[in-house]
Amino acid sequence: MLTTTSRQRQIGAGMFVAFLLLTAFVVAGWTQSVDDAWMSLMEDLEVPWLLSVAELFHHLGSVPIALTISLLVAVAFIVAKKWWAFWAWFAIVAGAQVFSTVTKLLVDRPRPVDALVHESSASYPSGHAMVSGAAIGIGLAVILGIIWPNRYRLFLGVGIAYAVVMAWSRTYLRVHWLTDVVGGLVFGTAIVCLVAVAVIQRRGDAQDGIDESGE
């Protein structure tokens, strides 16, 4: 357990530092050439069926659906009496939403001008990637992996795949720059890792207390 939490803490801290550096590069304008090149690539690869996939993920990551998913998962944890999972889920999703909103206000990056869907908020970081992709997708996978450790890799693989496709869809619809979705994924995953560390440590301390009491 100590090895697992130590690794997750290092990953979370590393991703947080990477997010700060990426944010500084975005604000300085040093990433725009990469963003422009990726945008041109997405335009060149535009085909109807991929647009349909991207639009599906656009709707899955919208506030009404993301909120509904979050509430349903929260209710499921309450019904199952997994209170630690409920609070971990709340911390991950709420934390990602708050930090995404605050960062958007601080950076205030304009969105691409030729987006295929309409969004009114600032561009950096991508809320779809950070909240729906990383927090909901990877976050739920990590919590389920703690509940069922023998299926951890399966859950995590599905969660990561969902988050990556969600991030890709935002650039394919030209509603976000590449660095917007990278920043969202990195920051969101950092939050997931750090919350997971706190949960694992707390559960470990509780189990140690039970063992010491002989119950």
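Derivation of every value follows stated rules applied to the coordinates shown; laboratory data play no part. Predicted model, so just to flag it, every value in this text is computed and none were measured. FYI the Cβ positions are ideal-geometry reconstructions off the backbone, even for glycines, and counts take in every protein chain you see.
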- Query: Right, residue 159: of a type in the set (Gly, Ala, Ser) and either buried (at least 19 other Cβ atoms within 10 Å of the Cβ) or closer than 17 Å to residue 57 by Cβ (or both) or not?
  - Reply: yes
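Results for (1) surrounded by 11 or more Cβ atoms within 10 Å (Cβ to Cβ); (2) over 15 Å from the mean Cα position of the chain (by Cα); (3) over 20 Å from residue 180 (Cα atoms), shown as yes or no for each residue.
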residue	(1), (2), (3)
7	yes, yes, yes
32	yes, yes, no
35	yes, yes, no
51	yes, yes, no
72	no, yes, yes
- Message: It is to be established whether one or more residues within segment 84-105 are touching a residue at least 40 places away in the same chain (Cβ under 8 Å), farther than 15 Å from residue 137 by Cβ and in contact with a Ser or Thr (Cβ under 9 Å, 6 or more places away or on another chain).
- Response: yes
- Considering only segment 95-150, how many residues are hydrophobic (A, V, I, L, M, F, W, C) and either within 15 Å of the chain's Cα centre (by Cα) or within 18 Å of residue 62 (Cβ to Cβ) (or both)? 18
- Select from segment 107-137 the residues that are farther than 23 Å from residue 12 by Cβ and in contact with a Lys or Arg (Cβ under 7 Å, 6 or more places away or on another chain) and write down the one among them that is surrounded by the fewest Cβ atoms within 10 Å (Cβ to Cβ). 114
- Task: Kindly check whether there is at least one residue in segment 109-125 that is part of a helix (DSSP H, G or I), out of contact with any Phe, Trp or Tyr (no Cβ under 6 Å at 6 or more places or on another chain) and within 25 Å of residue 19 (Cα to Cα).
- Result: no
- Task: Scan 104, 81 and give me the residue that is surrounded by fewer than 21 Cβ atoms within 10 Å (Cβ to Cβ) and on the phi > 0 side of the Ramachandran plot.
- Result: 81
- Odd one out for residue 82 among (1) over 21 Å from residue 12 (Cα atoms); (2) under 20 Å from the mean Cα position of the chain (by Cα): (2)
- Query: Are any of the residues in segment 163-182 outside any helix (DSSP H, G or I), more than 16 Å from the chain's Cα centre (by Cα), of a type in the set (A, V, I, L, M) and crowded, with 16+ Cβ neighbours inside 10 Å?
  - Reply: yes
- Task: Considering every residue within segment 15-24, establish whether at least one is more than 22 Å from the chain's Cα centre (by Cα), within 22 Å of residue 162 (Cα to Cα) and aromatic (Phe, Trp, Tyr).
- Result: no
- Does residue 13 meet the test of being crowded, with 18+ Cβ neighbours inside 10 Å and more than 15 Å from residue 180 (Cα to Cα)? no
